[in-house]
1. Considering only helices (runs of 4 or more DSSP H) fully contained in the stretch 42-155, which possess at least 2 residues that are among the aliphatic types (A, V, I, L, M), more than 21 Å from C190 (Cα to Cα) and without any contact (Cβ under 8 Å) to a residue 40 or more places away in the chain?
2. Is there any pair with a first residue in the stretch 8-29 that is among the aromatic types (F, W, Y) and modelled with pLDDT of 95 or more and a second that is assigned to a strand (DSSP E or B) and crowded, with 18+ Cβ neighbours inside 10 Å whose Cβ atoms are under 9 Å apart and which are 6 or more apart or on different chains, and what are they?
3. Got at least one residue in the stretch 186-199 being crowded, with 16+ Cβ neighbours inside 10 Å, of a type in the set (V, I, T), modelled with pLDDT under 95 and in a loop (DSSP other than H, G, I, E, B)?
4. Search the stretch 117-157 for residues being hydrophobic (A, V, I, L, M, F, W, C) and closer than 26 Å to P90 by Cα, and hand back the single one that is surrounded by the fewest Cβ atoms within 10 Å (Cβ to Cβ).
5. Report yes if some residue within the stretch 34-57 is modelled with pLDDT of 90 or more, in contact with a Phe, Trp or Tyr (Cβ under 7 Å, 6 or more places away or on another chain), within 30 Å of R183 (Cβ to Cβ) and surrounded by 14 or more Cβ atoms within 10 Å (Cβ to Cβ); otherwise report no.
6. Does the stretch 261-295 hold any residues that are of a type outside the set (S, T, N, Q), in a helix (DSSP H, G or I) and under 22 Å from I53 (Cα atoms), and which are they?
7. Are any of the residues in the stretch 65-74 surrounded by fewer than 21 Cβ atoms within 10 Å (Cβ to Cβ) and not hydroxyl-bearing (S, T, Y)?
Amino acid sequence: MSLSPWPNTPADTRTWQLGDLTVNRIGFGAMRLTGTAPFDHGVPRDREQSIGILRRAVELGVNHIDTAAFYFSATRSANELINRALAPYPADLVITTKVGPGRDSSGAWWWATPAQLRGQVEENLRQLGRDHLDVVNLRLPPSRRQTGSIGEHFGALAALRDAGLIRHLGISNATAEQLAEARAIAPVVCVQNPFGIGASDEDRALLRLCGELGLAFVPFFAIAGSGREAGPTGGDSEAVSTVARAHGVSVAQVRLAWTLRQGPHVLAIPGTGDPDHLAQNMSVGSLRLSEEELALLG
């Protein structure tokens, strides 16, 4: 039986829509399942532990998993772990993936041309064992985050959506201008960008815009903050630490709870390979931050 992490909370604040798909606002990011650090080619996580984490996440109420074909280490693939752990998939499970970046067998990065996006979509389909993908985000390279048209790439994904390989589309690491360009080509259901305590005015404005448009805003690095791929660092502000001590929780839980308070359209996709951290992440639905604490955190 699914255990709700949102006791005594109205249903409209527990869930949001990705197009016609209803997801719980606390999801799961698969990036950290494949190694002791993201994209690690050294010591892989225990395979059975990663499979157990995925199954436990679903038991605790996760029905939104974020992944990508480029989430792999020397001996682990996040997509294939998801397939092994959860197929045949629950009817309400939504799996979101990303295309644009790619990695070769040595781990070196490359970025897809519009013509190469179909191959990336098909690779995700093969690894996940699906005949279509629920949501595909076009992930933009850092060089295109501030300027540059995404029309050709997004148009290629729109064609794959029309062909039935993709149900819904989103964009990742994008600007408001790129969101407008994408929406002129095909419907967009989500924006997945870095966001957390200390976010810039520009990032906050994009989050608000998504709310006005009825689109999901899906932050990544919400817990890690400035640590990014390396994970949380010891550099948390005194404000975050003060609020954590007051509630008897971790700074990661405070960061996650703050993120969810930024709007009912904000989804969380914290990732972990640790069962205790998973339980902590799922418990933040019951962590109530006061208005004073929210002001203190910024």
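The values are calculated or read from the model by the stated rules, or taken from the named source; none is laboratory data. Note that this is a predicted model, so its numbers are computed, not measured. Every residue, glycine among them, receives a Cβ derived from its backbone with ideal geometry; neighbour counts consider all protein chains shown.
1. Those helices (runs of 4 or more DSSP H) span 47-59, 78-86.
2. Here the result reads W16/V23; W16/N24; W16/A216; W16/V266; F28/H64; F28/I65; F28/D66, each pair linking the stretch 8-29 to a residue that is assigned to a strand (DSSP E or B) and crowded, with 18+ Cβ neighbours inside 10 Å.
3. yes
4. Taking the stretch 117-157 and keeping what is hydrophobic (A, V, I, L, M, F, W, C), we get 117, 121, 125, 128, 133, 135-136, 138, 140, 150, 154, 156-157.
Of the ones still in play, those that are also closer than 26 Å to P90 by Cα are 121, 125, 128, 133, 135-136, 138, 157.
Details: V121: 24, L125: 18, L128: 23, L133: 22, V135: 25, V136: 27, L138: 25, L157: 28.
It comes out as L125.
5. The answer is no; no qualifying residue exists.
6. Within the stretch 261-295, P275, D276, H277, L278, A279, M282, V284, G285 qualify.
7. Residues of the stretch 65-74 that are surrounded by fewer than 21 Cβ atoms within 10 Å (Cβ to Cβ), as a first pass: 74.
Adding the requirement that they be not hydroxyl-bearing (S, T, Y) leaves 74.
Looking for residues that are surrounded by fewer than 21 Cβ atoms within 10 Å (Cβ to Cβ) and not hydroxyl-bearing (S, T, Y), one finds at least one in the stretch 65-74, hence yes.
For every residue, the table says whether it meets (1) in contact with a helix residue (DSSP H, G or I) (Cβ under 8 Å, 6 or more places away or on another chain); (2) at negative phi; (3) at pLDDT 95 or above.
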{"position": "N63", "(1), (2), (3)": "no, yes, yes"}
{"position": "R76", "(1), (2), (3)": "yes, yes, no"}
{"position": "N79", "(1), (2), (3)": "yes, yes, yes"}
{"position": "R84", "(1), (2), (3)": "yes, yes, yes"}
{"position": "T96", "(1), (2), (3)": "no, yes, yes"}
{"position": "D104", "(1), (2), (3)": "no, yes, no"}
{"position": "W109", "(1), (2), (3)": "no, yes, no"}
